[in-house]
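Structure, as structure tokens:
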Amino acid sequence: MTGDNEMRGYRRVLTIAGSDPSGGAGIQADLKTFSALGCFGASAIVAVVDENTVGVSGVHPVPVNFVVGQIRSVLDDIGADAVKIGMLHSAELIAAVRGVLDAYPDMHDVVLDPVMVATSGDPLLQAEAVGALRDVLIPRARVITPNLPEASILLGRNLSRQSELPDAARRLSEVCAGVSVLLKAGHLQDDRLIDVFYNAETDTVLPLESRRVPTVNTHGTGCTLSSAFAACLARGFSLDAAAAAAKDYVAAAIEAGARYRIGRGHGPVHHFFGFWE
């Protein structure tokens with residue numbers, strides 16, 4: 001039991017990602033997710049993205065050395081129990097983030113969302129940066145959370161059936177230096193939504209099923225899932241428990257968010273469904 005005069009510590013999570021002014025994805029979604037799951041969120045902004053629920057109009061990169069400075073400022077002062085990495089638009093930035101993380105070898109719980117395309121279909125990663133993401137930064141992560149189009153790009157082959165996912169997740173781990181893989185099935189059209197988590201540390205596959213909700217409010221679901229995974233790792237969950245808890249949180253946020261209308265396109269999920277309606 002904590003004494004009256006004993007100082008407590010937060011569970012700390014750092015997100016390295018782009019900013020979404022509409023509040024549904026990117027840094028904003030990450031910080032909301034950390035807060036909803038009981039963690040203190042910090043951020044390093046890599047780009048200011050001009051977007052809303054309809055689409056992306058532009059990306060204004062933050063200078064690479066300034067991104068590195070933000071990361072160092074957070075880790076040298078408050079530290080982090082886990083790191084979530086989102087949109088990194090260039091090979092130069094990818095290499096720089098890898099370099100600064102290598103200066104903190106004890107930072108083990110890194111969850112990387114290999115963001116390449118927005119929910120609206122707009123590209124967010126330069127084509128020439130895909131190889132750098134796969135070969136330079138992904139090996140520094142503990143977990144990656146690709147959707148099917150992203151996994152298809154990383155594997156170099158199209159994925160279109162549920163039955164392919166367990167083997168694809170294993171293969172992704174092999175080509176990405178042995179990371180664990182949460183492969184998201186949202187792009188399939190099946191009635192059941194079954195994501196697949198391949199735990200590379202135990203060589204096991206965990207199916208994660210939820211109800212498919214008929215809603216356009218899916219903006220930022222990928223950001224939210226990876227952030228939830230990082231938050232659960234920061235709280236001390238095992239890999240399998242973190243994957244399951246993150247999936248449950250996102251499924252509930254989608255269910256709750258489906259009852260709202262905001263914006264003219266893909267609205268956000270309801271990150272704080274557990275606190276207010």
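Details
- Shown is the FRET efficiency for Arg8 and Ile194, computed with R0 = 35 Å from the Cβ-Cβ distance and rounded to the nearest 0.05: 0.35.
- Part-to-part distance (alpha-carbon centres) for region 217-235 and region 5-35, which is given in Å: 10 Å
- Most simply put, the chain has about 45% antiparallel DSSP beta bridges, counting only bridges with both residues inside it.
- The chain, accessible area per residue, ligands and nucleic acids excluded (1.4 Å, Å²): 45 Å²
- Region 147-277 - Debye-derived log10 I(q)/I(0), Cα point model, q = 0.12, 0.18, 0.22 Å⁻¹: -0.47, -1.01, -1.37
- This model, with +1 at the C-beta of Lys and Arg and -1 at the C-beta of Asp and Glu, gives the chain a dipole about its Cα centre of some 420 debye.
The values are calculated or read from the model by the stated rules, or taken from the named source; none is laboratory data. This structure is a prediction, so every number in the text was calculated from the model and none was measured. Cβ atoms come from the backbone with ideal geometry, glycine included; neighbour counts cover every protein chain shown. Note: accessible area is taken over every heavy atom of the protein model, side chains too, but ligands, DNA and RNA are not part of it. Shrake-Rupley method; radii C 1.70, N 1.55, O 1.52, S 1.80 Å.
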